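Structure record follows, encoded as structure tokens.
The values are calculated or read from the model by the stated rules, or taken from the named source; none is laboratory data. Fair warning: this is a prediction, and the values are worked out from it, not measured in the lab. Counting neighbours? That spans all protein chains shown, and the Cβs are built from the backbone with ideal geometry, glycine included. Note: accessible area is taken over every heavy atom of the protein model, side chains too, but ligands, DNA and RNA are not part of it. Shrake-Rupley method; radii C 1.70, N 1.55, O 1.52, S 1.80 Å.
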Amino acid sequence: MGNTANKQMICEVLMEAAKTDKNIVALCSDSRGSGSFTPFAQNYPEQFVETGIAEQNLVSIAAGLAKCGKKAYAVSPACFLSTRSYEQCKIDVAYSDTNVKLIGISGGVSYGALGMSHHSAQDIAALSAIPNMRVYIPSDAYQTEALTKALLKDEKPAYIRVGRNAVDPVYEEGNVPFEMDHATVVCDGSDAAIVACGEMVKPAKDAAKLLGQEGISVRVLDMYCVKPLDREAVIETAKNVKAIVTVEEHAPFGGLGSMVAQVVGEHCPKKVVNLSLPDAPVITGTSKEVFDHYGLNAEGIAAKVREILD
């Protein structure tokens, strides 16, 4: 399962649950292929809705179904779901408190060469700013499985952003520490901390390993729960390290870095440095090429930690 894309894992979990729960409904905006939901549509045609390229309708229909007792999962590219249907996410889902899970697929720079129109580098800030909207960015397929199963048990709105391709696992099958709305300590350390989310957790973990070989002890927090942010984990971490680096596949404003800095500044002031995408159109290329270019890889993260400890 380590080579399973997070979006595919969401589909697999929902398909298994849909065997017995006929209230589960998946909706796509001409995105069943890119969202890995073709198997769901084929196996549960009575529990699947295709809206076509109409993201606003997608979210409103999902909210309407939820008001009728359905468990609605709206699957659409994160770049469009978080912008074209923003008002519907705000009013029909969050304000109306409907049981809709918004699945933003191909998040961040997953669409690579398609450029800024298809990148979603503002969605953490945008969706987190909506009252009553939770925001989750799982780091690998194992954590995505645990998160999806947990979300099946509640009836609150949520936005889940996942990437396009399979990523190297952070955790091991059968050994996935997971507690809803609590960050996971990937590795412990006392010199510095790296707080990361989504696809940035694996390079953060690798960076900690590189630094460990140099005698630098680094704690890594997997903050998959961007909202509600695990404030207690951030405060406890900040109290026990000299400085913090946050890492995210997002613009530098309003995302994980801003949230962590706000908490640290209020409760236990320490130096917090944010590694993110730039406040500019991102270069085109594969995710790896983009990450390497901006230092969002193990070497770049390790270099930033060394810099702030000097």
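Of all residues in segment 146-170, those that are over 17 Å from residue 107 (Cβ atoms) have Cβ atoms under 6 Å from Cβ atoms of residues that are assigned to a strand (DSSP E or B) and open to solvent by less than 10 Å² (accessible area, probe 1.4 Å), 6 or more apart or on another chain, in 157/100.
As a summary of the residue check, residue 157 satisfies the conditions (1) surrounded by fewer than 21 Cβ atoms within 10 Å (Cβ to Cβ); (2) more than 28 Å from residue 112 (Cα to Cα) except for the one numbered (1). Scanning segment 19-37 for residues that are more than 21 Å from residue 60 (Cα to Cα) and either among the aromatic types (Phe, Trp, Tyr) or open to solvent by 50 Å² or more (accessible area, probe 1.4 Å) (or both) yields a total of 3. Looking only at segment 41-73, which residues are hydrophobic (A, V, I, L, M, F, W, C), over 12 Å from residue 25 (Cβ atoms) and open to solvent by 50 Å² or more (accessible area, probe 1.4 Å)? Answer for segment 41-73, where residues must be hydrophobic (A, V, I, L, M, F, W, C), over 12 Å from residue 25 (Cβ atoms) and open to solvent by 50 Å² or more (accessible area, probe 1.4 Å): just 53. Of the numbered criteria (1) crowded, with 22+ Cβ neighbours inside 10 Å; (2) within 16 Å of residue 122 (Cβ to Cβ); (3) aromatic (Phe, Trp, Tyr), the one residue 224 fails is (2). Within segment 156-182, the set of residues being part of a loop (DSSP other than H, G, I, E, B), under 13 Å from the mean Cα position of the chain (by Cα) and over 30 Å from residue 285 (Cβ atoms) comprises 181 only. Whenever a residue of segment 85-105 is under 13 Å from residue 29 (Cβ atoms) and in the same structural domain as residue 128 (by TED's automatic domain parsing), its partners that are of a type outside the set (Ser, Thr, Tyr) and surrounded by fewer than 19 Cβ atoms within 10 Å (Cβ to Cβ), lying with C-beta atoms within less than 8 angstrom and at least six residues away or across chains, give the pairs 85/56; 88/56. Is segment 189-198 home to any residue that is touching a residue at least 24 places away in the same chain (Cβ under 8 Å) and touching a Phe, Trp or Tyr at 6+ places or on another chain (Cβ under 7 Å)? Yes - at least one qualifying residue is present in segment 189-198.
Report yes if some residue within segment 280-292 is part of a loop (DSSP other than H, G, I, E, B) and under 24 Å from residue 235 (Cβ atoms); otherwise report no.
If we filter segment 280-292 for residues that are part of a loop (DSSP other than H, G, I, E, B), which is where we start, we get 280-286.
Imposing the further condition that a residue be under 24 Å from residue 235 (Cβ atoms) reduces the set to none.
Among the residues of segment 280-292, not one is part of a loop (DSSP other than H, G, I, E, B) and under 24 Å from residue 235 (Cβ atoms), which makes the answer no.
Just give me the residues in segment 138-154 being among the aliphatic types (A, V, I, L, M) and either part of a helix (DSSP H, G or I) or surrounded by 24 or more Cβ atoms within 10 Å (Cβ to Cβ) (or both), in sequence order.
Selection gives 141, 146, 147, 150, 151.
Selection of segment 201-215 for residues being open to solvent by less than 40 Å² (accessible area, probe 1.4 Å) and out of contact with any Asp or Glu (no Cβ under 6 Å at 6 or more places or on another chain) yields 203, 204, 207, 208, 211.
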